[in-house]
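One structure below.
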Amino acid sequence: MEGERLLELGKIEWGQSNYEEAKNHYTQAISLFRRLAHRGGEANGTGNLGLVYRAIGDYPKAIENYTKAL
């Protein structure tokens with residue numbers, strides 16, 4: 001599925017500290033999962049987006065995304 005592929009690409013970019021690319025992949029995945037009403041995928045992407053924000057030091061955005069993922 002396309003959403004899973006985007007999540008995987010985001011993980012790869014995050015692991016290589018390419019945070020802007022990771023954000024782009026996660027944001028695309030979240031949007032796709034929302035359109036498909038796939039709540040688990042949306043939550044996974046949103047939580048991963050929180051990890052990116054934490055890595056770049058944007059703690060308020062990280063907390064916001066972690067909370068949304070719950």
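The values are calculated or read from the model by the stated rules, or taken from the named source; none is laboratory data. Predicted model, so just to flag it, every value in this text is computed and none were measured. Quick reminder, even Gly has a Cβ in these numbers, built from the backbone with ideal geometry, and neighbours come from all protein chains shown. Please note that ligands, DNA and RNA were not included when accessible areas were found on the heavy atoms of the full protein model with its side chains. Shrake-Rupley method; radii C 1.70, N 1.55, O 1.52, S 1.80 Å.
Calculate, in nm to one decimal, what R5 and E21 gain on full extension: separation in residues at 0.36 nm each, minus their alpha carbon distance. It would help to have the intermediate numbers written out before the result.
Working: separation 16, 0.36 × 16 = 5.76 nm, distance 1.38 nm.
4.4 nm is the gain from fully extending R5 to E21.
Once you have the Cα-Cα distance between A43 and D58, take 0.36 nm times their residue separation minus that, and quote the gain in nm to one decimal. Before the final figure, lay out the partial values.
Working: separation 15, 0.36 × 15 = 5.40 nm, distance 1.92 nm.
In short, 3.5 nm is gained.
Using a 1.4 Å probe on the protein chains only, how many percent of the accessible area of the chain belongs to carbon and sulfur?
Values: 2260 of 4230 Å².
Reported share for carbon and sulfur atoms: 53 percent.
With every protein chain left in place, what is the accessible area per residue of the chain in square angstrom, probe 1.4 Å? Spell out each step's value before the answer.
Numbers: 4230 Å² over 70 residues.
For the chain, the solvent-accessible area averages 60 Å² per residue.
From the helices alone, meaning DSSP H stretches of at least four residues, give me the mean residue ellipticity at 222 nm for the chain, per-run term -39500 (n - 2.57), in deg cm²/dmol to the nearest 500. Intermediate results must be reported in sequence, preceding the final value.
Numbers: 4 runs with 59 residues, N = 70.
Roughly -27500 deg cm²/dmol at 222 nm, from the helical runs in the chain.
Tabulate in residue order the Karplus-calculated ³J(HN,Hα) for region 33-41, using 6.51 cos²θ - 1.76 cosθ + 1.60 with θ = phi - 60°, rounded to whole Hz; enter x for Gly and Pro.
Coupling constants for region 33-41: 4, 4, 4, 8, 6, 9, 5, x, x Hz.
Any idea what the alpha-carbon Rg over 2.2 N^0.38 Å comes to for the chain?
That ratio works out to 0.99.
Once you charge only the Cβ atoms, +1 for Lys and Arg and -1 for Asp and Glu, what is the size of the charge dipole of the chain about its Cα centre, to the nearest 20 debye?
Working: 9 positive and 9 negative charges, 49 e Å.
Roughly 240 debye, rounded to the nearest 20.
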